[in-house]
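The values are calculated or read from the model by the stated rules, or taken from the named source; none is laboratory data. The structure displayed is predicted, hence computed values, not measured ones. Here the Cβ is made from the backbone with ideal geometry for all residues, glycine too, and neighbour counts use every protein chain on show. Note: areas computed on protein heavy atoms with side chains; ligands, DNA, RNA excluded. Shrake-Rupley method; radii C 1.70, N 1.55, O 1.52, S 1.80 Å.
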Amino acid sequence: MSSKDLRKFWANVELRYHGDQHGLIGGVRGCKFEVGTELSEFAHNTTVMRYAEDIVLFMSIWGRTLFAYDDMDLGDYAGTVVCPHSTDDCVDDTDCTCSLPTVLEAIDNGSFDLDYAINVLTETSLYSDIASARGWAAMFDVADDDGDDISIDNWQNAFVDLDTKQTEALLLYTAKQAAYHPRSIMAYALSLGSVNDPIFWGAHNSWERMWHWKRIESVTATDHEKTWWNSWNESDVLADSNAATCTWSSGAESTLPFYDLMKDESTENKYYTNKDMLRMFHPDNKALPHIYDSLEYNHCTGDLSDNDDVDVQHADFRTNLMSSVRKKMAQRYGAKVERGYTDHEATQLNSYYESLFHMKTLDNYEDRPIYEGTYSP
């Protein structure tokens, strides 16, 4: 609610309010290494459990980036990423999921210790993710006497407010999590299935209600501040690697698969663009088909307590973790776009978007995303 412009509002909603909900409510099943078992000694330690929750939420998304590299050799400790390609690859004594068999073998034969775990975290880039969530300046700080160095050689400072024993337990647990992807990610935790959960609709409506409140609040702002709230800052969005995982939809004039949501002469018989929707969903638009009965946020008033300060600290840590994995996904997407698509990939993408933009009679139907095969492996 303290966001100063549309971009910061997006970041706070996506990385704090919205992103956490899918992981928390959706969750996963079939975890080989459960928090309650692996960290049972610290079950009543709120700080340890908060970090564990942050890591579990992060890992549910992080696994999608790692296990996309099926058969990739990560190093001597993490070994090769192995994913079954059909149920024929699964037998009774083998769980049908992606894993790091070299790490699992080390766990089984007793050679898995803290040194091994830190090497796994390094080879999978998880250690750098944790370090960046704490702060890159601290990660590359070589002065051992100031207490904030979190290089590999000084792993004891990887987490704030934890002692050496607690930090070691969390690092061991994180490395184990990396070795085994949960067998089932529940529907609400995934983009395509989340709309089937009733909570989805309440959450997104609450986000729009916040957006309305912020845009009404900006009525008394300066002209410059109004511009930040009522303009689609395309260059800023595209420059932020967190937001560039789907560049076809990032531009102000990008065509979206939405139309005829309300009376609007300028978009009649057309698919909407980001620019259109930004204008049409302004709370002063009398054509909006809905209105909120209240925009009060009484629960957001009052001074922050000490406990709230701790929550802010962990919210920042979790946000930074989520930001790092989104950047990795964006980098992979950018590399794919730069390389180009094969004929098969282009055909699949065009088929998908033709089904998404199903109203061929709309005037700007040809402005939908269209792909051409330009890459030959």
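Details
- Each residue was assigned an accessible area with a 1.4 Å probe, and for residue 159 the value is about 10 Å².
- Near residue 295: Cβ cut-off under 12 Å, other residues only, Lys/Arg at +1 and Asp/Glu at -1. The net charge is -1.
- Sequence of 250, 206 from largest to smallest accessible area, 1.4 Å probe: 206, 250
- Amide H partners (placed H, <5 Å) of residue 82, local residues excluded: 71, 99
- Accessible surface ranking that places the most exposed of 342, 167 first, with a 1.4 angstrom probe: 342, 167
- Near residue 258, the amide H atoms lying under 5 Å from its own belong to 272; only residues 5 or more places off or on other chains count, and H is placed 1.01 Å from N.
- Set the Cα radius of gyration of the range 314-377 against 2.2 N^0.38 Å, with N its number of residues, and you get 1.56.
- Local charge for residue 181 was computed over the other residues whose Cβ lies under 13 Å away, with Lys and Arg +1 and Asp and Glu -1, and equals +3.
- Restraint check, 4/328; 8/328; 263/360; 214/286; 8/327, Cα-Cα greater than 22 Å: 4/328
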